[in-house]
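Have a look at the structure below, then the notes.
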Amino acid sequence: MNDTSLIYPINENEEILLGKKKRGMGVQKWNGFGGKVKEGETMRECAVRELYEECGLLANKDDLEIVADLYFRNIEDMEWSHAGIVYIVRKWKGTPLCSDEMEPQWFSADTLPFESMWEADIHWLPMILNGQKIRGIITFDGDGETVINYDFLEIK
């Protein structure tokens, strides 16, 4: 799989915009916005493009803050395994809109729907929302859904 970007818009009320996946990898899960980097595209360009395609927000790549460098590992399928860069963004143009892929909704940090997110999100997402920058590995079982291990390290 190509490497991926993931972006979390945070508004002036410190609410986080998540999207509920309508199709593809992670269907029915709440997640940040993102996807696979295309040939000739930087990770920042990928994040900006995916944010726009998935919820209609237009961000400037220079306004993205890198908060995590993650490796998603599948123990049975190395083709599935991939690296991902996670960003937060606090400036953009537009209003979140539903797309054919995502249904956006704002959440406060204490109401994030972890029960409907990727299993490891409850461990690393609060870290980045608290201002930490992290690097880590999330290991999935062969089904690509079940998290069997994770390890995160704060980076300065």
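The values are calculated or read from the model by the stated rules, or taken from the named source; none is laboratory data. Quick caveat, the model's predicted, so the values are computed rather than measured. As a convention, Cβ positions derive from the backbone with ideal geometry for all residues, glycine included, and neighbour counts pool all protein chains shown. These area figures cover heavy atoms from the full protein model, side chains too; ligands, DNA and RNA do not enter into them. Shrake-Rupley method; radii C 1.70, N 1.55, O 1.52, S 1.80 Å.
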Could you check region 106-120 and list, in sequence order, the residues that are in contact (Cβ under 8 Å) with a residue 12 or more places away in the chain and open to solvent by less than 50 Å² (accessible area, probe 1.4 Å)?
Phe107, Ser108, Leu112, Pro113, Ser116, Met117, Trp118, Ala120
Can you tell me which residue in region 78-105 is farthest from the chain's Cα centre (by Cα), limited to those that are open to solvent by 60 Å² or more (accessible area, probe 1.4 Å) and acidic (Asp, Glu)?
Glu79
Tell me, which strands (runs of 3 or more DSSP E) lie completely within region 54-156 with 1 or more residues that are among the polar types (S, T, N, Q)?
64-74, 102-107, 133-140, 147-155
Quick count over region 2-50, residues being part of a loop (DSSP other than H, G, I, E, B) and either touching a helix residue (DSSP H, G or I) at 6+ places or on another chain (Cβ under 8 Å) or on the phi < 0 side of the Ramachandran plot (or both), is 19
Tell me the residue from Arg44, Arg23, Arg49 that is open to solvent by 10 Å² or more (accessible area, probe 1.4 Å) and touching a residue at least 60 places away in the same chain (Cβ under 8 Å), please.
Arg23
Using the structure shown, decide if Glu65 is more than 25 Å from Asp143 (Cβ to Cβ), free of Cβ contacts under 8 Å to residues at least 24 places away in the same chain and not aromatic (Phe, Trp, Tyr).
no
When only residues in region 122-137 that are modelled with pLDDT of 95 or more and over 11 Å from Val67 (Cα atoms) count, which is surrounded by the fewest Cβ atoms within 10 Å (Cβ to Cβ)?
Pro126
Determine if region 92-101 includes at least one residue that is over 26 Å from Glu145 (Cα atoms) and modelled with pLDDT under 95.
no
